[in-house]
Amino acid sequence: MNKRNHLAWIPFATFALLSSCQGPTSAHSSSSSYPTSAEEPGLRQGYVKASGTELVDGEGNVIMLRGTNLGGYMLHESWMCLVDSPDLLYTVNTLTERFDRDAAFELLDIYQANFWTSEDFDNVQALGLNCLRLPVSYLDFYDLDFDLMRSDNPTAEELLSMNMVLRLDHIQKIDAFIREAEKRGIYIILDLHGAYGSQNGNDHSIDSRQHDWLWRQDDVGAAFRELTLDLWTVLAEHYRGFKNIAGYDLLNEPAGDVYDPECVTSVTGKIQWDFFDDLYHAIRAVDQEHLLIMESCWTAENLPQPSVYGWENVMYEFHHYDGSTDDDYQFQTHKERIDNIVNASFGVPLYLGEFCPHCSYEAWTPILNLLNEKHVSWTTWTYRVRGTSEWGLYHIRTNNNGDPSIPVSEVVHLRRGNDSFEEIERKWGVDQRKGFSRNDALCAVIQEAAKAPISKN
């Protein structure tokens, strides 16, 4: 271990034992709207595993993961959330500067507690979905130096020696979330959407400054990668007994190959593959059971054959978006992507982790049918959005005049606003849920696809 503050790196299992006796030791306490059940024995009989190109459950039954994403829950994207901010790191910094650190975490806890409740678990279960992909970032697990993480000139020494304190209360909340999903037969994919230094420079990586410094080929990039390796190691140590976690999604959209002189576009390439291999071995050193998920940006050509690295019990993930509103075109582009990844003959299970046929309800059914036919697991993007489009299973309804039921004034504007603590607390509190309604047209299509029997492949 390096010069990093060692207090922060006591294994989660030790902290779990301490916290079960003493309660949360972090200064930032929170409560969820559903009972904490992390100490309960799991209901699953075994782990989800790769068996050739199929997924099997703990009893050896062939399964498909069919579900949706929790975009906007633990990571903010302004277009879909009740917050106007470039990214989550900016949000935390701004709230800390305006109030203080404890207040910032308290407000984020209020936001999350009202974004997702037991009612939402029930909604997902009623649709027949069996999987939720949960985007998380390093901020969900550690309280650290936010200024350093937003610095334009960090040094490797600063990064590897900064004080980092486990957010025990928040970890317990994630544990409880996983257990509540398990009670309803819903698997969780733990998705690292925001890695140290950012793996793609986009807002959903929690740092939108277009730096993607995780891939820097210098000591700073190496420090960010070491921090990310350590994060996944402690997560794997903590979650290795959680059979309801279907898999660890190692990095969301790792599209930062701009540091590779042989690559002219931002896609996944050998720099990312080598780091996947580092992550693979770090996790396998402490957790030999969980499925590991490697993502491509964007096609089959952007991932290696697993045999090149000797990877076992892995699944390959792809995302697909196309801005067209033409039904036929949407279906054709999705079919091309699905055919592309299936025909690559990777010999591992395949997964379309994010997709949405923009404004194209008629394209949903044939796309989902094709995914089911080809045994490609899927999770739509996403569960809830601020807007009236097909993006969300739940979205903002409109009144008779076509105006949204949640006015723009209810958005927390951090870039130019000056809402008081109490005003943000109200906007992110119970009022946050009032304007959303079920997207009946989309839910009907999703529900039909979710209950389709798994055909023989």
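Which residues, taken from segment 310-323, are within 25 Å of the chain's Cα centre (by Cα) and either on the phi > 0 side of the Ramachandran plot or among the hydroxyl-bearing types (Ser, Thr, Tyr) (or both)? Residues satisfying the conditions are Asn313, Tyr316, Tyr321.
Cβ-Cβ distances below 6 Å connect the following pairs, each with a first residue in segment 134-149 that is buried (at least 20 other Cβ atoms within 10 Å of the Cβ), a second residue that is of a type in the set (Val, Ile, Thr) and at pLDDT 95 or above, and a separation of six or more residues or different chains: Leu134/Ile188. Checked against the criterion of being in a loop (DSSP other than H, G, I, E, B) and in contact with a Ser or Thr (Cβ under 7 Å, 6 or more places away or on another chain), the candidates Ser198, Ser208 yield just one match: Ser198. Can you pull out every residue in segment 128-171 that is touching a Lys or Arg at 6+ places or on another chain (Cβ under 9 Å) and under 24 Å from Gly353 (Cβ atoms)? Once the filter is applied, which keeps residues that are touching a Lys or Arg at 6+ places or on another chain (Cβ under 9 Å) and under 24 Å from Gly353 (Cβ atoms), segment 128-171 yields Gly128, Leu129, Asn130, Cys131, Leu139, Asp140, Phe141. Among the residues of segment 422-443, those that are assigned to a helix (DSSP H, G or I) and loosely packed, with under 14 Cβ neighbours inside 10 Å comprise Glu422, Glu423, Val430, Asp440, Ala441. Out of Gly52, Gly67, one residue alone is exposed (fewer than 15 other Cβ atoms within 10 Å of the Cβ) and either closer than 30 Å to Ser307 by Cα or at pLDDT 95 or above (or both). It is Gly52.
Candidates in segment 357-395 are the residues that are within 19 Å of Pro453 (Cβ to Cβ) and among the aliphatic types (A, V, I, L, M); of these, the one that is surrounded by the fewest Cβ atoms within 10 Å (Cβ to Cβ) is Leu370.
Scanning segment 265-309 for residues that are under 23 Å from Gly194 (Cβ atoms), of a type in the set (Gly, Ala, Ser) and over 18 Å from the mean Cα position of the chain (by Cα) yields Ser266, Gly269, Ala282. Looking only at residues in segment 150-184 that are under 30 Å from Gln125 (Cβ atoms) and of a type in the set (Gly, Ala, Ser), the one that is surrounded by the most Cβ atoms within 10 Å (Cβ to Cβ) is Ala181. Does any residue of segment 90-98 turn out to be touching a Phe, Trp or Tyr at 6+ places or on another chain (Cβ under 9 Å) and either polar (S, T, N, Q) or within 30 Å of Arg438 (Cβ to Cβ) (or both)? The answer is yes; a qualifying residue exists.
The values are calculated or read from the model by the stated rules, or taken from the named source; none is laboratory data. What you see is a predicted model; the values in this text were computed from it and never measured. Heads up, the Cβs are rebuilt from the backbone with ideal geometry, glycines too, and the neighbour counts pull from every protein chain shown.
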